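Beneath this line is the structure, given in structure tokens, with notes to follow.
The values are calculated or read from the model by the stated rules, or taken from the named source; none is laboratory data. Given the structure is predicted, the values throughout are model-derived calculations rather than measurements. Cβ sites come from the backbone with ideal geometry, for glycine too, and all protein chains shown count toward neighbours.
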Amino acid sequence: MATSQHPLVKDLGSLPPTYTRSQAYAISNSGLIAGSLIQVGHDEANHGFLYSNGQMIDLGTLPTGTFSDAFGVNDRRQVVGRALYVTPGLPLDRFFHAFLWEKGVMKDIGTLLPSNTAIAYAINNRSQIVGESGGHAFLYEQGMMKDLGTLPGGSSSAAYAINQAGDIVGQTTYSDGSMHAFLYRDDGMHDLGTLPGGRNSIARSINNLGQIVGTSTVTNGDSHAFLYRNGQMTDLAALPGGTDFSDAKSINDRGQILGVGMLFDNGKFISISLPNSLGQVTFAFAAAINDSGEIAGVLLPDYHAAVLNSDLLPDEHP
């Protein structure tokens with residue numbers, strides 16, 4: 001049921017009475033949205049959802065579980081995420097497993113052995129799935145889960161996004177606790193480095209032009225959003241209108257970059273928080289942007305999954 005209203009935003013609602021809140025995490029180029037239905041006051045009760053053709057579909061759980069979150073969706077109505085797996089006969093033996101949902105069925109895609117846990121973050125239109133299992137990034141395709149390893153000297157890794165060419169981005173953690181963004185291609189994993197003076201970086205999204213966005217620390221320890229292209233990492237916070245403690249979460253093929261409360265488009269920062277007459281934020285937790293400029297997030301105060309049409313935003317910095 002959708003109750004919140006804003007002229008630039010479509011409220012996707014929830015599935016009351018059980019689920020009164022919802023949160024969107026992903027949006028495909030065809031406008032399919034994936035996220036989580038939230039049961040207020042109940043831990044481990046979320047269910048993943050797919051929103052398609054005006055309908056919110058409860059993805060359910062694995063047969064022995066009670067909980068799921070959906071983090072990725074492609075144009076083929078395939079959804080990925082994490083779901084609670086409970087070992088039959090051992091109710092305290094509980095782990096998160098990565099899942100693939102399609103045609104009404106949630107499939108456990110397993111883990112990287114000997115790990116008991118896995119989470120899937122993204123899926124492309126070739127049904128290639130990326131995520132993390134047992135502290136290592138993985139690629140799942142054709143029924144097999146491949147360990148992507150780490151950068152040299154790394155102790156762990158995670159993969160957060162994959163484009164249609166199969167290029168994968170994420171982060172590796174080193175033994176000293178520092179983290180570096182990576183790009184993984186057929187020739188292996190490549191260190192993207194950090195912004196000048198920075199210790200840590202994470203790559204969160206890659207478009208089909210090979211442009212990568214994420215966040216990196218800088219000399220004073222602040223976190224700045226970055227754009228990586230043609231072998232160069234650009235500090236978006238250093239551009240006119242940029243702010244410290246920024247983050248870049250998603251980039252589309254139009255080059256629009258989604259950040260925290262902001263959209264970077266055609267060299268300008270545009271607010272997407274949509275404050276009401278009282279100055280209160282009404283659109284928050286923006287997570288992804290598709291090639292049509294549609295942004296998946298949450299509409300407040302009802303806390304419903306929602307989609308903002310960025311083409312209708314004022315073309316100016318707030």
Boolean, Asp69 is surrounded by fewer than 16 Cβ atoms within 10 Å (Cβ to Cβ), under 18 Å from the mean Cα position of the chain (by Cα) and within 22 Å of Glu294 (Cβ to Cβ): no
Are any of the residues in segment 115-130 modelled with pLDDT under 95, closer than 20 Å to Asp247 by Cβ and in a strand (DSSP E or B)? no
Given (1) buried (at least 19 other Cβ atoms within 10 Å of the Cβ); (2) over 20 Å from the mean Cα position of the chain (by Cα); (3) closer than 21 Å to Gln171 by Cα, number of the condition Phe269 does not satisfy: (3)
Among the listed residues Asp176, Asp191, which satisfies the condition of being farther than 24 Å from Ser127 by Cα, charged (D, E, K, R) and assigned to a strand (DSSP E or B)? Asp191
Exactly one condition in (1) out of contact with any Leu (no Cβ under 7 Å at 6 or more places or on another chain); (2) surrounded by 24 or more Cβ atoms within 10 Å (Cβ to Cβ); (3) of a type in the set (Gly, Ala, Ser) is not met by Gly48; state its number. (1)
Look at Gly166 and say whether it is at positive phi and touching a Lys or Arg at 6+ places or on another chain (Cβ under 9 Å). yes
Restrict the check to segment 94-114 and report whether at least one residue is aliphatic (A, V, I, L, M), surrounded by fewer than 16 Cβ atoms within 10 Å (Cβ to Cβ) and part of a strand (DSSP E or B). yes
Counting residues that are free of Cβ contacts under 8 Å to residues at least 40 places away in the same chain, which strands (runs of 3 or more DSSP E) fully inside segment 278-317 reach at least 2? 283-289
Suppose we filter segment 6-35 for residues that are in contact (Cβ under 8 Å) with a residue 40 or more places away in the chain and in a strand (DSSP E or B); how many remain? 17
